[in-house]
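Values quoted throughout were computed directly from the atomic coordinates according to the rules given, and no laboratory measurement underlies them. Remember, it's a predicted structure, so these values are computed and weren't measured experimentally. Cβ placement follows ideal geometry from the backbone for every residue including glycine, while neighbour counts extend to all protein chains displayed.
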Amino acid sequence: MAINVPGIVVVVIFYIVILAIGVYAGRRTKQTKSADEIFLANRQMGFLVSLFSLTATNVGGAYVNGTAEIVASSGIVWAQAPIGYCIGLFIGGWFYGPKMRRAGYVTMYDPFQEKYGAKTGAIMCIPEFIGDIFWTAAILSALGSTTSIIMDLDQTTSIVVSACIAVIYTFLGGLRSVAYTDVVQLAFIGIGLVIAFPFALRHSAVDLDDLGSKWVGQVPVNNIANYLDLYGLLIMGGIPWQPFYQRVLACRTPEIARNSLMISAVFCLLFAVPPAVIGVAGAAADWNQTSYPNEVPLAQDQLPFILPLVLQYMCPLPVSVIGLAAISAAAMSSADSTTLSTASIFTNNWYKGLFRTKASDTELIWVLRVTVVVAGALGTVLAITSTTVYGPYIMSGDLMYVILFPQLTCVLFVKISNAYGGLVGFFVSLILRLLCGAYLLHVPPVIKLPLYSEEEGQLFPFRTCIMALSFLAIVLVSLLTNTAFKRGWVAEKYDVLNSFSRRDVTTRLQDLNRKDVIRQNAALIANSKSDTNVL
């Protein structure tokens, strides 16, 4: 297949537009030397930009490609991610987001370090680092597969170029650049996919009658527990994500944070409709009636690429290149967010929280920028070696669900939770999750639970059980240690985590900083003119 010159032209134009917008926002950011500006856009994000940025962050390349893949391979009933994340955003918008915004935190992990201490809180960041890298890799991999099919370009080249563009404007402008580009990227995603799916559905090779009810799919009786387990993962595993809270904490008021989260949940669900329809069209197509040159019917290893295949072989050339721009926009809108998320956590909760508690704003800005480059490079390397789209996407939520969801819930809503309970819960969930096997990490299961299948793996709802056990461990150990130290059963000198004797210096400094932020936020809210201001 010859190189798709029109496709290259469209993508180049798209990249130039995005880079220009990101650099423009970055120039505005350079006018200030405040770390709060690059972390949280000076907490001046209004409703519209918050809404669009939250939606664009969730609707990434893995989201649209993965939805098309799972619908084509297993039916619409297995497209759980859009519904799960929609419900999760509702829950996060009502309970978690406003509470964190009112507290004036800088990252999602500030309450951990405030309550558990700097060192224990830093340990809680590790799953987020891993999850963000997995998610970035899945996003860039989806983009690479799309461009390689539609434009006949080397997949590695596409991944590297896209990652570099995202890193450049994130490096320059932090959250402000990411938010501005998110608005444009979301428009590209909506226009591109909405234009493409009617052409795919009306293609002469598509026979929906021949597909019958297969497009719906089914859940075998022996798989119901696993099916529900995945819903738990997607709903609650989507709540403890720093990329979302970065926007929530940047909102001017808690009310803006709540409204933008809950409305973006609906938007995210709507954005899943076009790729789902494209997946149905790809499954219903007789590929012999297209110009597709390879094996027909599609081999199983081709299903992860069903979206770009449909765009390439079942849509007119102008439509396919517009669809390609949509996929590029979806990939970059999430890749920049996860990269900034990793850099923000490392800078605020590791570098400043553990080593340089009195670091200047200029120092923190440069640490964040260096970390943006490193995180982008790691995601790019993993993307080049990725073999599936939906798998890493699910695995990211897996880590958040079994480890961080019970931790975040306890630290925000369970008063008795402490560092001892948090650490025990962390290692209980981590060890049990590894013992149950991790296919993507090539870790075989040591524990084979009821319903285990050699072909399908663990069918028991093991993730939900591990999450519940972790929650129970946090509460029980916290209750036990609270009682033991406060009643004098254990001498104060054995309080190695400083949960009861005295709080460490780092945590006390963070408390003082946060109180300053809260006072600043009160002044900003008082002077706020309109909830719909952009930035």
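Order of Lys115, Lys352, Lys448, Lys415 from fewest to most other C-beta atoms within 10 Å? Write out the running numbers ahead of the final one.
Working: Lys115 20, Lys352 23, Lys448 16, Lys415 10.
Ascending number of Cβ neighbours within 10 Å: Lys415, Lys448, Lys115, Lys352.
Could you work out the relative contact order of the chain? I mean the mean sequence separation of Cα pairs under 8 Å and 6+ apart, divided by the number of residues, in percent. Intermediate results must be reported in sequence, preceding the final value.
Values: 960 pairs, mean separation 158.5, N = 535.
Dividing the mean separation by the residue count of the chain yields 30 percent.
Would you mind checking Lys119/Lys352; Lys115/Lys486; Lys115/Lys493; Lys99/Lys415; Lys214/Lys448; Lys99/Lys358 for any pair whose Cα atoms are more than 23 angstrom apart? Intermediate results must be reported in sequence, preceding the final value.
Numbers: Lys119/Lys352 12 Å; Lys115/Lys486 17 Å; Lys115/Lys493 19 Å; Lys99/Lys415 14 Å; Lys214/Lys448 31 Å; Lys99/Lys358 27 Å.
Beyond 23 Å: Lys214/Lys448; Lys99/Lys358.
Provide Tyr420, Tyr231, Tyr63 in ascending order of the number of other Cβ atoms located within 10 Å of each residue's Cβ, fewest first. Please report the intermediate quantities before stating the final value.
Working: Tyr420 23, Tyr231 17, Tyr63 28.
Ranked by crowding around the Cβ, least crowded first: Tyr231, Tyr420, Tyr63.
Could you tell me what a quarter of the Cα convex hull surface of region 282-326 works out to, in nm² with one decimal place?
Quarter of the Cα hull surface area: 3.2 nm².
Report the Rg/Rh value for region 85-197, based on alpha-carbon coordinates and the Kirkwood definition of Rh.
Using only Cα positions, Rg/Rh for region 85-197 is 1.05.
Using only the alpha carbons of the chain, determine the length spanned along each of the three principal axes and report them from longest to shortest in whole angstroms.
Taking the Cα atoms of the chain, the three principal extents are 78, 59, 37 Å.
Of the chymotrypsin sites (Phe, Trp or Tyr not before Pro) in region 134-192, which ones lie in a loop per DSSP and count no more than 10 other C-beta atoms within 10 Å? Don't jump to the answer; show the numbers that get you there.
Numbers: sites: Phe134, Trp135, Tyr169, Phe171, Tyr180, Phe188; in loops: none.
Filter output for region 134-192: empty list.
On a C-alpha basis, how far is the centre of region 114-181 from the centre of region 7-75 in Å? Whole number, if you could?
Each part reduced to its Cα centre gives a spacing of 11 Å.
7 Å from Cα along Cα→Cβ at both Trp366 and Glu295: what's the point-to-point distance in nm?
Rounded to a tenth, the inter-label distance reads 5.4 nm.
Please determine, in degrees from 0 to 90 and to the nearest 10, the orientation of helix 254-271 with respect to the longest principal axis defined by the Cα atoms of the chain, where the helix direction is its Cα long axis.
Roughly 20 degrees, rounded to the nearest 10.
Roughly how large, in nm² to one decimal, is the mean projection of the convex hull of the alpha-carbon atoms in region 36-123? Kindly include the intermediate steps, with their values, before the conclusion.
Values: hull surface 31.3 nm².
Reported value for the Cα convex hull: 7.8 nm².
If you rank Val372, Val381, Val319 by fewest surrounding Cβ atoms within 10 Å, what's the result? Could you put the intermediate results ahead of the total?
Working: Val372 26, Val381 15, Val319 18.
Final ranking by Cβ density, sparse to dense: Val381, Val319, Val372.
Please return the longest stretch of the chain lacking exposed loop sites, where GluC sites (Glu not before Pro) count only if DSSP places them in a loop and at most 14 other Cβ atoms lie within 10 Å.
1-294
How tilted is helix 126-150 with respect to the longest principal axis of the chain? Cα atoms for both, answer in degrees (0 to 90, nearest 10).
Approximately 10 degrees, to the nearest ten.
At what distance in angstrom do the alpha carbon centres of region 189-207 and region 474-491 lie from each other?
Answer, in whole Å: 61.
Within region 315-339, what residues put their amide N at less than 13 Å from the label point 7 Å along the Cα-to-Cβ vector of Val23?
Label zone hits: none.
Once both axes come from the Cα atoms, what is the angle between helix 317-345 and the longest principal axis of the chain, in degrees from 0 to 90, rounded to 10?
10 degrees
For region 283-297 and region 409-466, what is the centre-to-centre distance using only Cα atoms, to the nearest Å?
One Cα centre to the other: 41 Å.
Out of the trypsin sites (Lys or Arg not before Pro) in region 176-240, which ones are loop residues according to DSSP with at most 14 other C-beta atoms within 10 Å? Write out the running numbers ahead of the final one.
Values: sites: Arg176, Arg202, Lys214; in loops: Arg202.
Here the trypsin sites (Lys or Arg not before Pro) that fit, given the DSSP loop and packing criteria, are Arg202.
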